[in-house]
Amino acid sequence: MTAGPGGLSSKHGPALDLPGRFMILAMVMLAAVAVASPVAYPLLLDGFYAPRLLAFVHLNTLGVIAAILLGASSQLIPVVLQTPLASVSLGRISFWFFIAGILFFLPGILVTWRPGLVLGAALAFAGMVLYVAVVVLTLRSAPHLDVVSWHITLALAGLVGGLVVGLLLAVSKGTAALGASIFRILAAHATLMLAAWVVVMLNGVAYRLVGMFTLSEDQLWHRTAWAELFFSAGGAWLLAGGLLADAPRTVLGAGALAILFGQLPFGAQLLHLYHVRRRRGFDIHIPYVLTAIACGLLASLLLVVGFVDGRSMNSSLWVAIGWLAIGGIAISAIQGFFYKIATFLVWLHRYAPVAGRTRVPRLEDLYDRRLAKTGWIFWVGAQAGSLAAIFLSNRSLATAAGIAALAGLGCFLVNVARMAAHVWPAMTTTQDAVHGGVPRIGKEGRIS
Ligand code: HEM
């Protein structure tokens, strides 16, 4: 992973406190998700409308996924677009609206406390719209837009759509305002947030990150990436638009099929990049990303089955699809990429200034690799177990899956704490951190 064009940090990157604060928030929320998992996973069997499940869903989606995407993209977007972020201070302000929003919204949706829910929704909405404004202004000053930048652009449109529908749901919560259309509107909100924003953003960012991590950026199949974008974004908007317009099942099924047609080339592209990768060693982000690909394919296939079969609104299939998207795709990919992005930012902050003058650790020395592998095994077990529990409606299996999730996320968070310990010199001396050879930074900032 290099510093400068093509690397994770460049002269355009913002001050590290901006991505840092969002990532710290996401890790605190992930710890809450881990602790809650043994009790929360059985809620997946109680139907998608239960307030406690809605709260757990948003602890994951707003607290972890949104926080990470807002933080990591504020670091990555200037690199992708080769232009500085339009406003770092607006980015910082968006953080305070966002965190205040979460602190009111989550308890509000947990106990259906309308003032907290509406105030929280409005604050989180404002924080995320500020973030969108900063990125749109940055996109406007970009020298040119490539396939990754267009993923980011279309993903932002999905986020804005998801936010507007989410705010509508929050404001009308506990009233009869939306009447019988409430479930279609809820499904449209979930589709815009998960399929039109999160998946499109992660797919685009994955092309750049995996290319960087494996030194195979020049091997990207561009036409395949454009085709994937067409189907992923087009399918998500067709499905969400169809749900909002109460369109016939064939239209919804066509949207689901297009989403599947987006997942297939995405999976093929990443397998291709890993196949031609120049950095051949084992890398912990790879099993996590492969898990995300497998869950993406399964979720979109089940989505097609659901509409072709005409499954009823109360079918557990929809809960399985939603959870595969949240846990299986997003949280898996986030853990994998976090191992790479966080170690790089920590290394940049602590060791780059002294590299070449003293021995410094390699990136992969900043965490325990065996613990990382153990964490992945427990996490995959938790996803498979929760899926089986939903379809078998088996509460003890769901609890066991929740315990596996606690163990898996626990391993990951212990490694995050290890990485964080490198940020504070008092906690680790350079010598402590050095295990293997003496990495040096060469002229182009390449680490060898
Ligand atoms: C400001 C941000 C957000 C607001 C105001 C919001 C609001 C809501 C509300 C009010 C509901 C429940 C509807 C009801 O009970 O009538 C809901 C459901 C849902 N939201 Fe959000 N949401 C937000 C962000 C997100 C994000 C970022 C995601 C995903 C990335 C997401 C995914 C979902 C899902 C999957 C459901 C359905 C959950 C279930 O049925 O169990 N939301 N949202």
#### Entry: Enumeration of residues in the stretch 104-139 that are closer than 23 Å to residue 226 by Cα, open to solvent by 10 Å² or more (accessible area, probe 1.4 Å) and more than 18 Å from the chain's Cα centre (by Cα)
136, 139
### Query
Checking residue 142 against (1) of a type outside the set (Ser, Thr, Tyr); (2) open to solvent by less than 30 Å² (accessible area, probe 1.4 Å); (3) modelled with pLDDT of 95 or more, which test does it fail?
(3)
### Task
Could you tell me whether the stretch 391-405 includes any residue that is modelled with pLDDT of 95 or more, closer than 18 Å to residue 285 by Cα, surrounded by 15 or more Cβ atoms within 10 Å (Cβ to Cβ) and under 25 Å from the mean Cα position of the chain (by Cα)?
yes
### Query
Could you list, in sequence order, the residues of the stretch 25-53 that are at pLDDT below 95 and either of a type in the set (Gly, Ala, Ser) or under 19 Å from residue 99 (Cα atoms) (or both)?
47, 50
### Query
From the residues in the stretch 273-327 that are of a type in the set (Val, Ile, Thr) and part of a loop (DSSP other than H, G, I, E, B), which one is least open to solvent (accessible area, probe 1.4 Å)?
284
### Evaluation of residue 41 against (1) in a helix (DSSP H, G or I); (2) under 17 Å from residue 343 (Cα atoms) (one fails), failing number
(2)
#### Entry: Single residue of the stretch 59-79 satisfying the filter (within 9 Å of the ligand (Cβ to nearest atom) and farther than 21 Å from residue 147 by Cα) that is surrounded by the most Cβ atoms within 10 Å (Cβ to Cβ)
66
### Query
Among the residues of the stretch 242-254, which ones are in contact (Cβ under 8 Å) with a residue 12 or more places away in the chain and open to solvent by 10 Å² or more (accessible area, probe 1.4 Å)?
243, 244, 246, 249, 251, 252, 253, 254
### Task
Go through (1) open to solvent by 50 Å² or more (accessible area, probe 1.4 Å); (2) not in a helix (DSSP H, G or I) one by one and return the number of the condition residue 97 breaks.
(2)
### Message
Against the condition at pLDDT 95 or above and under 27 Å from residue 75 (Cβ atoms), how does residue 363 come out, does it pass?
### Response
no
### Query
Listed residues 90, 54; which is in a helix (DSSP H, G or I), of a type outside the set (Asp, Glu) and away from the ligand (no atom under 14 Å from the Cβ)?
90
### Message
Go through the stretch 150-169 and report how many residues are open to solvent by less than 20 Å² (accessible area, probe 1.4 Å) and either in contact with a Gly (Cβ under 8 Å, 6 or more places away or on another chain) or modelled with pLDDT under 95 (or both).
### Response
3
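The values are calculated or read from the model by the stated rules, or taken from the named source; none is laboratory data. None of these values were measured; they are calculated from a predicted model. So basically every Cβ, Gly included, is an ideal-geometry build from the backbone, and we count neighbours across all protein chains shown. Areas reflect the complete protein model, heavy atoms only, side chains present, ligands, DNA and RNA absent. Shrake-Rupley method; radii C 1.70, N 1.55, O 1.52, S 1.80 Å.
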